[in-house]
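Every number in this text was worked out from the coordinates using simple rules, so none of it is lab data. Please read these numbers as outputs of a predicted model, since none were measured by experiment. Cβ placement follows ideal geometry from the backbone for every residue including glycine, while neighbour counts extend to all protein chains displayed.
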Amino acid sequence: MAEGARLDPWEPALRLEYDKLFKYFGVKPFGEVLDRVRRVFGEPHYLMRRGVIFAHRDFDVVLDAYERGERVAVVTGFMPSGRFHVGHMMVVEQLKYYQKLGFKLFIVLADAEAYAVRKLDRREIIDVALNEYVANMIALGLDLSRNVTIYFQTNYEREYYRLIQMLSRKVSMAEMRAIYGELEPAKVVAALTQAADILHPQLEAFGGYKYIVVPVGAEQDPHLRLTRDLADRFERELGLRRPASTYHKLVSGLDGLKMSSSRPDYAIFLTDPPEVAARKLRRALTGGRASVEEQRRLGGVPERCVVYELYVYFLVRDDRELARVYEECRGGRLLCGPDKDYAVELLVKFLEEHQRKLERARNLVERFVEPPKF
Ligand code: SF4
């Protein structure tokens with residue numbers, strides 16, 4: 001593998017070079033299947049239309065299966081190691097889309113991984129999983145009562161644990177190092193657990209064979225590569241098949257680098273008091289020019305603007321409105337000051353409404369997922 005071509009799913013770079021996925025790992029551009037998505041699913045998800053979901057592996061196989069009326073499922077996971085931010089919200093938005101289409105959802109609360117790899121306290125992890133992750137999913141409108149299995153990695157069915165143990169037989173440390181680089185035992189177990197998270201819905205104990213798609217951030221591809229290899233090796237023995245995957249770009253932090261719970265000043269959390277989020281957003285990096293005169297003359301650069309990115313990812317759902325902002329910015333008719341006022345207004349409105357729903361959602365979480373006993 002070329003030097004620098006490795007992705008680290010646990011410590012993603014502050015800036016990801018998405019081209020690497022095409023160049024070194026053979027993922028396909030999502031644009032190639034967009035027309036088929038339109039024909040088979042109807043309207044593509046707005047993140048698909050806007051190029052935020054930019055790559056896939058075997059998504060055409062899932063489209064074929066859906067068209068034939070076969071069983072389809074989505075598997076996704078959240079590591080409850082920090083507060084829920086707008087990057088996590090993008091995954092929930094995709095889950096809502098697939099749920100409407102009739103996909104079964106498997107949602108993993110990766111508490112074992114948060115404990116072993118992030119080295120966090122068990123009780124804190126469970127509390128964050130319930131009150132940040134599950135509560136926000138409900139408040140965002142995901143219906144956890146409809147065809148959804150949501151579970152903690154440390155509190156699930158015995159066939160799932162058996163699968164983790166079986167998977168360990170058909171992979172070598174040399175292969176794992178080639179995919180992940182040097183890794184300690186905690187990460188070996190975490191990677192095999194993730195493979196079981198993705199593959200177990202195909203087992204008889206979980207309803208039998210179904211086609212699976214895994215929507216992930218681009219930095220998670222190493223897990224998909226390992227899982228797909230393992231599926232091939234267990235095809236005869238367990239009837240497992242390769243999962244498909246889609247890749248979305250990561251939301252930038254407000255300074256233009258990665259958004260992460262570990263850099264709270266540069267992240268928008270869904271539990272931020274609106275005035276705090278507004279203050280953070282006002283400091284965000286824009287694609288504006290050095291002076292008003294220059295901006296009127298040359299136009300702004302929305303492609304390099306975090307505020308515009310937030311419009312694309314969630315603040316503006318209407319494509320025509322998004323196009324208007326883009327054109328006015330490029331044409332120098334929109335200035336960053338007034339545009340930030342507009343973005344702040346949209347963000348505050350969203351957070352106020354969301355946080356009202358969150359209050360109610362917090363009372364519902366244990367109805368849908370059973371927390372581990374310790
Ligand atoms: S006008 Fe708006 S979209 Fe354009 S660079 Fe400034 S903040 Fe970004």
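Data for the structure
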| quantity | calculated |
| --- | --- |
| Distance between the range 308-374 and the range 226-271 - C-alpha centres, whole angstrom | 21 Å |
| Helix-only [θ]222 nm of the chain, DSSP H runs n ≥ 4, -39500 (n - 2.57) each, per residue, nearest 500 | -13500 deg cm²/dmol |
| Positive dipole terminus of the chain, leading residue within LEU183, ALA284, VAL40 (C-beta point charges) | VAL40 |
| Counted charge near VAL72, where neighbours are those whose Cβ lies closer than 12 Å (Asp, Glu -1; Lys, Arg +1) | +1 |
| Cα-based equivalent ellipsoid, the chain: semi-axes from gyration tensor eigenvalues, Å | 35, 23, 21 |
| Among ALA196, ALA178, ALA112, residue whose mean-square fluctuation peaks in a GNM of the chain (springs only between Cα atoms under 10 Å) | ALA178 |
| Gaussian network model of the chain, Cα within-10 Å springs - most flexible of LYS20, LYS170, LYS249 | LYS170 |
| Residue of MET166, MET90, MET79 that the Gaussian network model of the chain assigns the largest fluctuation, springs spanning Cα pairs under 10 Å | MET166 |
| Value of relative contact order over the range 259-374, rounded to a whole percent, pairs C-alpha under 8 Å and six or more apart | 28 percent |
| Under Karplus coefficients 6.51, -1.76 and 1.60, residue-wise ³J(HN,Hα) of the range 261-271 in Hz, glycine/proline x | 4, 7, 10, x, 5, 10, 10, 9, 8, 6, 9 |
| Rough spin-label spacing in nm, given labels placed 7 Å along Cα→Cβ, for VAL301 and ASP318 | 3.0 nm |
| Computed magnitude of the charge dipole of the range 121-196 (debye, nearest 20; Cβ of K, R +1, Cβ of D, E -1) | 360 debye |
| Test item: Cα-centred dipole of the range 264-362, Lys/Arg +1 and Asp/Glu -1 on Cβ, debye | 80 debye |
| Net length gained if the chain between ARG236 and ASP265 were fully extended (0.36 nm per residue, minus Cα distance) | 5.4 nm |
| Least to most buried among PHE22, PHE78, PHE374 (fewest other Cβ within 10 Å first) | PHE374, PHE22, PHE78 |
| Estimated distance in nm for a label pair at GLU70 and GLU204, the labels positioned 7 Å out from Cα along Cα-to-Cβ | 2.0 nm |
| Relative contact order (percent, whole number), the chain, Cα cutoff 8 Å, 6+ residue spacing | 21 percent |
